[in-house]
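The values are calculated or read from the model by the stated rules, or taken from the named source; none is laboratory data. Everything numeric here is computed off the predicted structure, so don't read it as measured data. All Cβ positions, glycine included, derive from the backbone under ideal geometry; neighbour counts span all protein chains shown. Accessible surface areas use protein heavy atoms only, side chains included; no ligands, DNA or RNA. Shrake-Rupley method; radii C 1.70, N 1.55, O 1.52, S 1.80 Å.
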Amino acid sequence: MKMWGGLLLSVACCLSAECARAAQPYVFGRADIATGATPDAIATADFNGDGNPDLAIVNHDDGTVTVFFGHPDGSLTKSADYAVGSGPIAVAVGDFNGDGKPDLAVVNQNCVAGCGPGSVSVLLNLGNGTFQTSSSYMTGMDPISIVAGDFNGDGKLDLAVANAITIGHPSPGTVSIFLNNGDGTFRRSGDYAAGPGVGNLAAVELGRAGKLSLAIINYVSLSGINAVSVLQNRGDGTFQPPVSYLTGKVPSWVVSADFNHDGIPDLAVTNAVDNTVSILLGKPDGTFATKVDYSIAFGPNQMVVGDFDGDQNLDLAVTGSTSDRGGGAVSLLLGKGDGTFQNAVSYGTGNDPFAVVTADFNHDGSLDLAFINGDVNRVSVLLGNGNGTFPSHADYRCGNAPVAVAVGDFNGDGWLDIVVVNSEDNTISIFMGRPDGTFLLSATYPVGLYPSGVAISDFDGDRHLDLAVTNGGDNTVSILHNHGDGTFVLNGTYAVGVAPSSVAVADFNGDGKPDLAVANAHDDTVSILLNQGNGTFENSVTYDTGPGPASVVAGDWNRDGKPDIAVANGGSPLNGIGPGLVSVLLNNGDGTFSRKIDYQTGPYPISVVAADFQGDGKLDLALATNLDIYGRVSVLDGNGDGTFQSNVDYQGGFGIYSLVAADFNGDGKPELAVASNLNDTMFLLIQNGDGQFRAQGTYGTGREPVAVAAGNFTRKPAVLGGADVVVANVASGSISVYLNIPWHRLK
């Protein structure tokens with residue numbers, strides 16, 4: 001985080017009561033924007049001439065290009081969709097008619113009934129960021145990539161299109177050259193052999209010749225060819241036969257830039273199978289040196305060049321994915337200026353990112369990244385910190401198999417701390433918060449067998465936060481007394497139902513003391529433990545729930561001033577695939593409860609939270625429902641009388657496991673952060689303002705996140721951003737902390 005002092009001064013006017021609260025476009029340094037169906041390519045330029053970077057997204061299944069206009073704060077809004085050919089797959093930007101406005105050229109595969117000749121659609125900018133109806137030009141078979149450049153030296157941008165012929169077939173691919181007539185129309189001047197199975201191509205100046213040649217990826221699985229071919233320009237827009245240079249296994253993307261400051265462009269190639277980037281330094285005679293490889297943690301696909309750390313040396317940002325779990329990352333290779341690079345540093349993104357571009361979207365003087373999310377039809381913008389880093393979570397090791405997490409100020413210093421439940425260790429870990437938003441492991445305490453859930457409250461009235469931990473292996477709840485300095489001692493163990501999974505706190509009998517509600521997964525009950533006033537509890541009283549209660553939350557559903565409870569029933573639906581159930585039990589006012597009323601949710605609800613999502617003063621429910629790849633979030637609007645409307649489901653991701661409600665974007669409305677344990681991500685659902693939700697961002701986590709909590713870890717003013725998040729990762733034995741840093745950055 002930079003320029004805190006200046007930042008606070010710059011927004012001081014917004015701290016007054018008169019300042020309207022507006023949602024920040026970036027949460028945890030990232031914004032997500034819905035695109036068309038199956039976005040395949042992305043480009044950036046200032047299309048409408050307002051000084052802000054805009055985006056053009058190619059939507060393969062829609063046959064369209066979507067243009068998004070950028071705004072001074074870095075937010076992007078959809079301008080329009082433009083029809084192109086069938087199956088658009090690549091895009092290039094350039095001023096094709098010489099009017100000073102960036103135009104678009106889009107490659108269409110035209111593979112509706114088998115792949116034949118493709119086409120290029122050229123969309124000329126009308127000067128205000130809108131585009132004329134496209135003109136089309138036929139290409140070779142199965143076109144896959146496009147680049148713009150002045151290939152015949154007449155000062156007009158031409159086009160080169162790589163035609164794959166058939167991916168994985170030994171037949172040679174080709175490059176089609178389209179020479180510009182000067183008015184934004186083109187003529188196809190010739191096709192050139194480009195080696196087998198061509199992919200992405202880039203324009204490159206060989207040596208110091210001053211003529212743009214072409215570098216083209218070659219990959220053929222049948223013959224094992226892994227190379228980049230260079231077609232040297234004769235100077236008139238015609239090209240010599242290809243010369244090949246070895247790369248890593250399965251090269252997928254090539255870019256050209258001068259990485260060692262010798263005035264001669266070099267090549268960088270991503271290699272998908274051996275997880276490397278190959279650097280081939282250019283020589284004065286127009287040839288390239290033998291590759292040098294750099295490892296990338298996530299299977300690299302595409303990349304972009306930029307100076308991300310401000311040291312005047314060119315760097316690489318590489319998108320990559322993990323095929324086994326659907327996650328992904330952006331990896332940074334920071335250039336040293338001599339053609340070598342530092343070790344890659346990766347930033348988790350989730351959702352198989354690819355097709356990346358760079359620009360300063362929020363005008364802070366630092367390069368940002370925009371990339372496509374492969375499985376969710378969104379484009380994401382990730383803000384650069386200006387020092388070669390990007391917003392990321394901080395990971396802290398805890399015990400084995402952390403399954404629950406909660407936040408509270410345990411030592412009274414004004415900074416939120418974290419408690420983590422470690423199921424396989426039979427312990428809890430306490431992390432003390434510090435003013436900079438970092439945490440220090442303070443202590444570990446034994447609890448019962450296979451602990452599963454935790455709740456925080458002042459149970460004994462000494463003004464210090466105590467802990468209640470459910471123990472699924474011995475059917476108990478452990479109460480840990482806080483000494484006041486953030487250290488704890490066991491203060492009692494209480495029997496509950498079978499396999500307690502979750503605990504909630506509220507004053508159920510109106511005596512001013514916090515009581516407990518415990519969901520018992522294996523006997524389909526919820527146990528109520530009333531506080532005796534000194535931090536000890538009466539014997540539990542149980543009430544029936546639905547099958548396999550997994551999570552419990554307290555709230556006043558009927559607005560009578562008495563807290564009720566809702567239980568997410570994670571057991572199998574009766575027919576195996578049908579809807580799940582949430583059980584609502586209304587409080588009689590004396591700590592006893594009426595018989596449950598069940599409401600349908602998505603299948604297998606496993607986590608439940610309460611919040612007023614509609615802003616009507618009535619508490620609603622949101623549930624994470626965990627049905628493998630069909631996991632979703634179910635929201636039930638409360639009617640204010642203890643009943644609920646039918647669930648509205650939001651598709652969320654793979655294996656949704658836990659969620660928390662908080663204001664993450666500073667607009668004063670509760671949103672949802674959701675942990676998805678099958679693709680190692682945490683994603684946000686942000687309100688549209690009408691109680692409906694949209695996807696805002698997907699963030700990489702540790703391995704198998706299963707629990708999530710929220711709080712303001714740095715005590716920032718609300719106008720500088722919303723709540724921070726902590727996620728427990730069961731398979732990696734860690735917690736991931738996401739600080740909601742301000743997006744109002746200053747130079």
>> Please give the charge dipole size of the chain, origin at the Cα centre, charges +1 on K and R Cβ atoms and -1 on D and E Cβ atoms. Round to the nearest 20 debye.
In response: 1300 debye
> Can you give me the relative contact order of the chain as a percent, contacts being Cα pairs under 8 Å and 6 or more apart?
Replying inline: 8 percent
> Roughly speaking, what is the centre-to-centre gap between the range 370-422 and the range 27-41 when only Cα atoms are used, to the nearest Å?
Replying inline: 20 Å
> For the range 88-155, with equal point scatterers placed on the C-alpha atoms only and solvent neglected, what are the log10 I(q)/I(0) values from the Debye formula at q = 0.11, 0.25, 0.27 1/Å, to two decimals?
Replying inline: -0.29, -1.08, -1.16
> Evaluated at 4 °C with a viscosity of 1.567 mPa s, what Stokes-Einstein diffusion coefficient in µm²/s does the chain have when Rh comes from the Kirkwood expression over alpha-carbon pairs?
Replying inline: 47 µm²/s
>> Which of rounded, prolate or oblate describes the range 239-389 when judged by the alpha-carbon gyration tensor and an a/c cut-off of 1.5?
In response: oblate
> How big is D, in µm² s⁻¹, for the range 387-510 by Stokes-Einstein at 20 °C and 1.002 mPa s if Rh is the Kirkwood radius over C-alpha pairs?
Replying inline: 143 µm²/s
>> Given points 7 Å out from each Cα along the Cα-Cβ axis, report the Asp50 to Thr133 separation in nanometres with one decimal.
In response: 2.8 nm
> Using heavy-atom solvent-accessible surface (probe 1.4 Å) with all chains present, what is the largest-first order of Thr340, Thr545?
Replying inline: Thr340, Thr545
> Could you give the accessible area per residue of the range 321-456, probe 1.4 Å, as a whole number in Å²?
Replying inline: 33 Å²
> Out of the range 138-214, which chymotrypsin sites (Phe, Trp or Tyr not before Pro) are coil in DSSP terms and have no more than 16 other C-beta atoms within 10 Å?
Replying inline: none
> For the chain, with the dipole built from +1 on Lys and Arg beta-carbon atoms and -1 on Asp and Glu ones, taken about the Cα centre, which of Ser366, Gly570, Gly184 lies farthest toward the positive end?
Replying inline: Gly184
>> Which three extents, in angstrom, do the Cα atoms of the range 306-431 have along their principal axes, listed largest first?
In response: 50, 37, 29
> Considering the dipole of the range 57-210 built from charges on the beta carbon (Lys and Arg +1, Asp and Glu -1) around the Cα centre, which of Leu76, Val58, Gly127 is farthest to its positive end?
Replying inline: Val58
> Taking a probe of 1.4 angstrom, what is the accessible area of Tyr347 in Å², to the nearest 10?
Replying inline: 20 Å²
>> Just want the answer: with Cβ charges of +1 for Lys and Arg and -1 for Asp and Glu, which residue in Ser502, Gly486, Ala468 is farthest toward the dipole's positive end in the range 453-507?
In response: Ser502
> In deg cm²/dmol, rounded to 500, what helix-only [θ] at 222 nm does the chain give when every DSSP H run of at least 4 residues adds -39500 (n - 2.57) and the total is split over its residues?
Replying inline: 0 deg cm²/dmol
>> Please compute the modelled spin-label separation between Gln645 and Lys283, points set 7 Å along Cα→Cβ, answer in nm with one decimal.
In response: 7.1 nm
> Which sequence of Met682, Met141, Met432 reflects their accessible areas, 1.4 Å probe, from the largest down?
Replying inline: Met141, Met432, Met682
> What trypsin sites (Lys or Arg not before Pro) does the range 670-727 have in DSSP loop regions with at most 13 other beta carbons within 10 Å?
Replying inline: Arg715
> What is the spin-label model distance, in nm, from Asp236 to Gln312 if the labels are put 7 Å beyond Cα along the C-beta direction?
Replying inline: 4.2 nm
>> Using a probe radius of 1.4 Å on heavy atoms only, what accessible surface per residue do you get for the range 512-571? Whole Å² is fine.
In response: 33 Å²
> What part of the accessible area of the chain, given as a whole %, is carbon or sulfur when the probe is 1.4 angstrom?
Replying inline: 51 percent
